[in-house]
1. May I ask you to derive the relative contact order of the chain, considering only C-alpha pairs under 8 Å and at least 6 residues apart, and to give it as an integer percent?
2. Mind checking which of Gly101, Gly216, Gly231 has the largest fluctuation in a GNM of the chain, springs on alpha carbons under 10 Å?
3. Give me the number: length gained by fully extending Thr198 to Thr2, i.e. 0.36 nm times residue separation minus the C-alpha to C-alpha distance, one decimal in nm.
4. Out of residues 5 or more away from Gly20 or on other chains, whose amide H comes under 5 Å of its own, with H placed 1.01 Å from N in the peptide plane?
5. If you average the C-alpha positions of region 123-198 and of region 1-57 separately, how far apart do those two centres end up, in angstrom?
6. If you average the sequence gap of Cα pairs under 8 Å that are 6 or more apart and divide by the length of region 72-134, what percent do you get for the contact order?
7. Okay, which of region 189-211 sit inside 20 Å, backbone N to the point 7 Å along the Cα-Cβ direction of Lys180?
8. Could you tally the net charge around Gly20, taking each other residue with its Cβ under 11 Å from the Cβ of Gly20, Lys/Arg +1 and Asp/Glu -1?
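The values are calculated or read from the model by the stated rules, or taken from the named source; none is laboratory data. Keep in mind that this is a model prediction, so the values were computed, not measured. Backbone-built Cβ (ideal geometry, glycine too); neighbour counts: all protein chains shown. Accessible surface areas use protein heavy atoms only, side chains included; no ligands, DNA or RNA. Shrake-Rupley method; radii C 1.70, N 1.55, O 1.52, S 1.80 Å.
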Amino acid sequence: MTTQQLFEQIQLKKSFLCVGLDVDLTKIPQHILALEDPIFEFNKAIIDATHDLAVSYKPNTAFYEAYGIKGWISLQKTINYINENYPDLFTIADAKRGDIGNTSSMYAKAFFEDLNFDSVTVAPYMGKDSVEPFLAFENKHTILLALTSNTGAFDFQTLKSKSEKLPEAELYQQVLEISKNWTNSKNLMYVVGATKATYFSEIRKIVPDSFLLVPGVGAQGGNLAEVCAHGMNDQVGLLINSSRAIIYASNELDFADKARAEALKMQKEMQVILEAKFSN
Ligand SMILES: O=c1ccn([C@@H]2O[C@H](COP(=O)(O)O)[C@@H](O)[C@H]2O)c(=O)[nH]1
């Protein structure tokens, strides 16, 4: 999917919601546990109940890897289900990969070719040659961690470097600035936490046109309106992720309806913001 197609979906659905599929078997309803593949059945119910309110889904691979081969099969069935039934949804494998070049190529093949995700999250720490193998895939997107939502983000990401080129820049600013010059950087998006809303204006000065994946609303307490006020661009440029607050709204028989109600609340809030921004 191209970013133009993603923008069109946002306009059509009046939503830039990304639902996180972080399935924890200790949190899902009892009756689902009795089924043969509870992770997939849970995801299928959540996706069917929310697909018209969201433009994107983001399984975090940790929640699948934790269950070994069974988890990988559930992940594969989930992405195939989305691609076959809702091909206009933008899919994100939140896997936070990145390694020396030949290894990164294999990660890229795994997520882009074998599983057929639209995008994968990648850590920038190993630099250009660890990221460019992902960027080589046409119409696939590499979502680079820039400023993450957790408190540990301040351990390294906001440290100022002493580099000659960017003497005053914090590490996350350097990640944004330097990665713009990498081959196929048009395929880059960035992760910026909703809990870091005050940083968005600064970030937009460096990457005015890029899409930002924004986790951290809902369970982590980030504020949607604040993020939009500082982070939205002319193509919206934001995918706001919420995982636990939507998928675990209930662990009873009504879990899918309750997930829909939570997603609808977010979509309505987004619609108001979009109408205010694009009214003229
Ligand atoms: O900076 C980051 C990067 C990734 N995440 C991931 O997003 C979801 C958030 O889940 P919630 O339940 O909505 O808090 C989860 O998969 C994280 O691993 C992040 O939170 N922050």
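1. Working: 489 pairs, mean separation 56.9, N = 280.
After rounding, I find 20 percent.
2. Checking each option, the largest mean-square fluctuation is seen for Gly101.
3. Values: separation 196, 0.36 × 196 = 70.56 nm, distance 2.85 nm.
Residue separation times 0.36 nm, minus the Cα-Cα distance, leaves 67.7 nm.
4. Amide H neighbours of Gly20: Lys58, Ser242, Ser243.
5. Distance between centres, Cα-based: 27 Å.
6. Values: 71 pairs, mean separation 23.8, N = 63.
Taking the mean separation of contacting Cα pairs over the length of region 72-134, I get 38 percent.
7. Output list for this probe position: 189-193, 198-211.
8. On the way: positive: Lys58, Arg244; negative: Asp22, Asp94.
Every neighbour counted, the sum reads 0.
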